[in-house]
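What follows is a short report on a single structure.
The values are calculated or read from the model by the stated rules, or taken from the named source; none is laboratory data. The structure displayed is predicted, hence computed values, not measured ones. Cβ: placed from backbone, ideal geometry, glycine included. Neighbour counts: every protein chain shown.
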Amino acid sequence: MPQRDVIDVASPSMARMNNYLLGGKDHYSADREACERLLQIAPDAQCAAEAAHRFLLRATSHLVREYGVRQFVVFGAGLPTPMSVHQVARSVDVRCRVVYADEDPLVLVHGRALWEDQRRTLVVRAHPLQLGYLLCAPQVHRLIDVHRPVAVLLVSVLHTVPDAADPAGLLEQTARMLAPGSYVAASQLVSEDAEVRRQADALLQQAAGRRWGRIRRRAEVEPFFGKLRVLAPGPVDVSQWRPGSDRAAGGGSLAWAEYGGVAAVR
């Protein structure tokens, strides 16, 4: 039987919490309450969420303009925002194709209603660990040519991957599945404060359920990119990744930030 989309409004959702932090309207009281608790633990949470979203858009723009990428797979797609990956990519080349993947039922409903056209944009249910299956799915294969460069975007995703699922291995395996000339962008929440990590993990575990890894230290995230050819400036606080004139979203702090980078597939 087909999987039913059940939207639980009584419990917080990571996607809806992020929408709240980004100033969106697609959230419920449980999400707002969880965000207010998170902001008490990590006052920079809203700033870091904005920095991660702007990193996603900047990375997309760079990959289209500077590296000629025309195909994107976006995991952890999130709820629609005023500016999204397909809009940024197509502002450069209208031929760009984008597959958004998420598991949140509200994300799927909104994404399919507002983004999907089946010809250049598709919204599917998938977890980052299912990339191989996703690329072989007939509906995805119609949009994405796996023999040509593809950018896989895992922004604000690695903290949802448990240690047992091997986040570093996820990046390596993702790179191995892609054609030469492809790219992988990835990031996750980090904190150098053990108490902040402990309290925030307990809160976000509730919102993410079993799909949660943990907030890590920067030194734990850097090795995830170790076997990949990372583009300058390397793994950094994402607000510092090629910001150019984009100063609208400030960076995080040692207590709370989004940390990541972009790697090339040889």
| What residue, of Arg37, Arg90, is over 25 Å from Ala208 (Cβ atoms), of a type in the set (D, E, K, R), part of a helix (DSSP H, G or I) and modelled with pLDDT of 95 or more? | Arg90
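Could you tell me whether any residue of region 175-193 is of a type in the set (A, V, I, L, M, F, W, C), touching a strand residue (DSSP E or B) at 6+ places or on another chain (Cβ under 8 Å), over 17 Å from Met17 (Cβ atoms) and assigned to a helix (DSSP H, G or I)?
Step one: of region 175-193, the residues of a type in the set (A, V, I, L, M, F, W, C) are 175, 177-179, 184-186, 189-190.
From the residues that got through so far, the ones that are touching a strand residue (DSSP E or B) at 6+ places or on another chain (Cβ under 8 Å) too are 175, 178, 184-186, 189-190.
Filter once more, keeping what is over 17 Å from Met17 (Cβ atoms): 175, 178, 184-186, 190.
Narrowing the set further to residues that are assigned to a helix (DSSP H, G or I) leaves 175.
Yes, there is a match, as at least one residue in region 175-193 is of a type in the set (A, V, I, L, M, F, W, C), touching a strand residue (DSSP E or B) at 6+ places or on another chain (Cβ under 8 Å), over 17 Å from Met17 (Cβ atoms) and assigned to a helix (DSSP H, G or I).
Any residue at all in region 227-243 that is in contact (Cβ under 8 Å) with a residue 60 or more places away in the chain, assigned to a helix (DSSP H, G or I) and out of contact with any Pro (no Cβ under 7 Å at 6 or more places or on another chain)? Walk me through it before giving the result.
Filtering region 227-243 for residues in contact (Cβ under 8 Å) with a residue 60 or more places away in the chain gives 237-239, 241-243.
Still in the list and also assigned to a helix (DSSP H, G or I): 238-239.
The next check asks that each one be out of contact with any Pro (no Cβ under 7 Å at 6 or more places or on another chain); those that pass are 238-239.
The answer is yes, given that some residue of region 227-243 is in contact (Cβ under 8 Å) with a residue 60 or more places away in the chain, assigned to a helix (DSSP H, G or I) and out of contact with any Pro (no Cβ under 7 Å at 6 or more places or on another chain).
When you go through Val150, Val146 one by one, which is the residue that is among the aliphatic types (A, V, I, L, M), closer than 23 Å to Arg125 by Cβ and in contact with a strand residue (DSSP E or B) (Cβ under 8 Å, 6 or more places away or on another chain)? Walk me through it before giving the result.
Details: Val146 fails: in contact with a strand residue (DSSP E or B) (Cβ under 8 Å, 6 or more places away or on another chain).
Sole residue among the options that is among the aliphatic types (A, V, I, L, M), closer than 23 Å to Arg125 by Cβ and in contact with a strand residue (DSSP E or B) (Cβ under 8 Å, 6 or more places away or on another chain): Val150.
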| remark: Residues in region 49-85 that are crowded, with 21+ Cβ neighbours inside 10 Å and either without any contact (Cβ under 8 Å) to a residue 40 or more places away in the chain or of a type in the set (A, V, I, L, M) (or both) total 14
| remark: The correct count of residues that are within 20 Å of Arg142 (Cα to Cα) and in a loop (DSSP other than H, G, I, E, B) in region 69-87 is 3
| note | Here the residues within region 103-148 that are surrounded by 16 or more Cβ atoms within 10 Å (Cβ to Cβ) and hydroxyl-bearing (Ser, Thr, Tyr) are Thr121
| Taking interchain pairs and intrachain pairs at least six residues apart, which have beta carbon atoms under 9 angstrom, with the first residue in region 164-178 and within 13 Å of Phe225 (Cα to Cα) and the second among the charged types (D, E, K, R) and surrounded by 19 or more Cβ atoms within 10 Å (Cβ to Cβ)? | Pro167/Arg216
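Listed residues Ala219, Ala168, Ala207, Ala164; which is assigned to a helix (DSSP H, G or I) and closer than 22 Å to Tyr20 by Cα?
Result of the check over Ala219, Ala168, Ala207, Ala164: Ala207.
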| query | Only one residue in Glu103, Glu172 is touching a strand residue (DSSP E or B) at 6+ places or on another chain (Cβ under 8 Å) and acidic (Asp, Glu). Which one? | reply | Glu103
